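As structure tokens, the structure follows; a few thoughts come after it.
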Amino acid sequence: MRNRPPPPLDSLIQAGIAPRRARRILREFAEHHADVVAERLNLGDSAHEARLAASVRVGSEQQLLANLLARPELRSWAHRQPGLAFAIAPVLFFALTFVASLLAMIALVEWRKANGDALSAASPVIQWISAYAGAYLLWALPCGVAALFALAAARRRESSIWPCVGIVAVCFVGALTNFSVSVSPDAPSMGAGIGIGTDHLGATLMRACGTTALVLLPFLRVRWLQRMSLLH
Amino acid sequence: MQASSSLMSGISELLLLRLLSERQMYGYELARAIRTTTRQAISVGEGVLYPALHSLERRGWLKARRCTVNGRTRVYYALTRAGLRHLKKITQEWRRISGGVDAALLGARYA
């Protein structure tokens, strides 16, 4: 059972005020309080009187909270549109970074070709792409994007539903992507795409479940720890 | 008599924008400036100041900048161009309304 109110920072963040803004407001409020105390001390008040006068003039943190929560314009768009921010935006961001990564690899290969490198299977660029690009595009990128948005949701103390939907969506879309490098000695090539085939259904589902578990379980653990820290 | 909160909110917005059109200030300075320039007639609760400042900043009428002065970090607020345009608009509105109220108080009668 909750036996004390949550700290002001948590209350502000839970109400949808962006964490950075919430921290700044509380810092400014504390600095203002300190300024009023200093002013009263200069006027000859004792430390106790100065603190009391400052509390009367500036008000309490609870009053500040009430005033802030009465202003809906201070709430972030992610709080107002959580489905868009934590379920749809991660999928779009994943698609964007996937395409951007492919374009970067193509640009790297073209740049090496323009500088006179004969791109064979033994070429360091092709070897590097062949060794790491698959793991990056098919595993690290969907996990990274899903984790990034889940982390943002956890920082903002948002409800877990939409971030969970986002994690599952990104990991399943990520599992539908494919990437391959052909290192034939004469003409190495690479290909990428998105789609589902019955011949690879098991592997696709395994990859989707694997990446989902990699992100979802730590996210749920973080949310559980956050909830516990508020309760105790 | 207690002024309605929406009226006071509009007045504090006008005062904050007007004071910040002269120079950038931080919260404590603004609270003092409001008390001084209104000859203590209007006392914006100092705890109400920050929600109002952040609301004005979020609407793009103010910009905030962190500065260290005498070893203390302050958040200074300054008016943006959009804020200046908004100030001109609400100043005109305020003059129209206060002019109308003044006329009524001075005894304007129906013809």
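The values are calculated or read from the model by the stated rules, or taken from the named source; none is laboratory data. All figures in this text were calculated on a predicted structure; none of them were measured in a lab. Backbone-built Cβ (ideal geometry, glycine too); neighbour counts: all protein chains shown.
Annotations
- Single condition A:VAL168 does not satisfy, out of (1) modelled with pLDDT under 90; (2) closer than 30 Å to A:SER76 by Cβ: (1)
- In the range A:26-48, the residues that are charged (D, E, K, R) and touching a helix residue (DSSP H, G or I) at 6+ places or on another chain (Cβ under 7 Å): A:GLU28, A:ASP35, A:ARG40, A:ASP45
- Residue within the range B:77-96 that is closer than 24 Å to A:ASN67 by Cα and within 11 Å of chain A (Cβ to nearest Cβ) present: yes
- The range B:1-33, subset out of contact with any strand residue (DSSP E or B) (no Cβ under 7 Å at 6 or more places or on another chain) and of a type in the set (S, T, N, Q), residue modelled with the highest pLDDT: B:SER12
- Of all residues in the range B:44-73, those that are under 17 Å from B:ARG85 (Cα atoms) and of a type in the set (Asp, Glu) total 1.
- Selection status of B:ALA103, among the small types (Gly, Ala, Ser), farther than 29 Å from A:LEU12 by Cβ and more than 14 Å from every other protein chain (Cβ to nearest Cβ): yes
- Evaluated against (1) over 17 Å from A:LEU92 (Cβ atoms); (2) part of a helix (DSSP H, G or I), A:GLY166 falls short on exactly one condition, (1).
To keep it simple, each residue is scored yes or no on (1) part of a helix (DSSP H, G or I); (2) within 11 Å of chain A (Cβ to nearest Cβ); (3) in contact with a Gly (Cβ under 8 Å, 6 or more places away or on another chain).
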site	(1), (2), (3)
B:LEU17	yes, no, yes
B:ARG23	no, no, no
B:ARG32	yes, yes, no
B:ARG35	yes, yes, no
B:ARG39	no, no, no
B:LEU53	yes, yes, yes
B:ALA64	no, yes, no
B:THR68	no, no, no
B:THR73	no, yes, no
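- Inside the range B:54-79, residues that are within 14 Å of the chain's Cα centre (by Cα) and farther than 18 Å from B:ALA31 by Cβ make up a count of 1.
- Among the criteria (1) in a helix (DSSP H, G or I); (2) surrounded by 17 or more Cβ atoms within 10 Å (Cβ to Cβ); (3) at pLDDT below 85, the one A:VAL181 does not fulfil is (1).
- Single condition A:GLY116 does not satisfy, out of (1) away from every other protein chain (no Cβ under 14 Å); (2) part of a helix (DSSP H, G or I): (2)
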